[in-house]
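To keep things clear, I will list the structure first and then write my remarks on it.
The values are calculated or read from the model by the stated rules, or taken from the named source; none is laboratory data. Fair warning: this is a prediction, and the values are worked out from it, not measured in the lab. Heads up, the Cβs are rebuilt from the backbone with ideal geometry, glycines too, and the neighbour counts pull from every protein chain shown.
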Amino acid sequence: MPDIATFGLALLISFLSACGLYFSARFLAPKGKKSKDKMSVYACGEKYPAEKFQFRLQLFYYAVFFTILETAGFLVFTSAFANPLYGGIFVAFATIAAVLVLYRK
């Protein structure tokens with residue numbers, strides 16, 4: 001079997017395994033009951049009003065973008081010792097992921 005077919009088969013098996021685990025856990029896991037106390041804002045043992053809570057997503061986007069690029073750099077470096085096609089495929093996927101993270105509405 002050629003290398004690209006092996007890679008595609010491994011990717012397909014990984015994806016199907018992840019989907020199988022996700023859906024089996026979703027159906028088998030116990031369902032939590034929603035209550036007023038469980039849905040209220042809570043921080044450090046005290047009730048925390050929603051007006052005081054300010055979450056900034058700008059830094060989160062930079063952290064995700066940095067993680068994507070750092071992983072891409074590592075895999076491109078290690079793919080230099082194997083088939084460079086795998087590194088190129090990963091760079092393409094990482095670029096798409098980075099664009100989706102940075103330009104998400």
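A search for C-beta distances below 7 Å between a residue of segment 83-96 that is in contact (Cβ under 8 Å) with a residue 60 or more places away in the chain and any residue that is charged (D, E, K, R), counting only pairs 6+ apart in sequence or on different chains, returns ASN83/ASP3. Restricted to segment 1-56, and to residues there that are under 24 Å from TYR86 (Cβ atoms) and exposed (fewer than 10 other Cβ atoms within 10 Å of the Cβ), the residue that is modelled with the highest pLDDT is ALA5. Condition check for TYR103 on (1) exposed (fewer than 10 other Cβ atoms within 10 Å of the Cβ); (2) modelled with pLDDT of 85 or more; (3) hydroxyl-bearing (Ser, Thr, Tyr): one failure, at (2).
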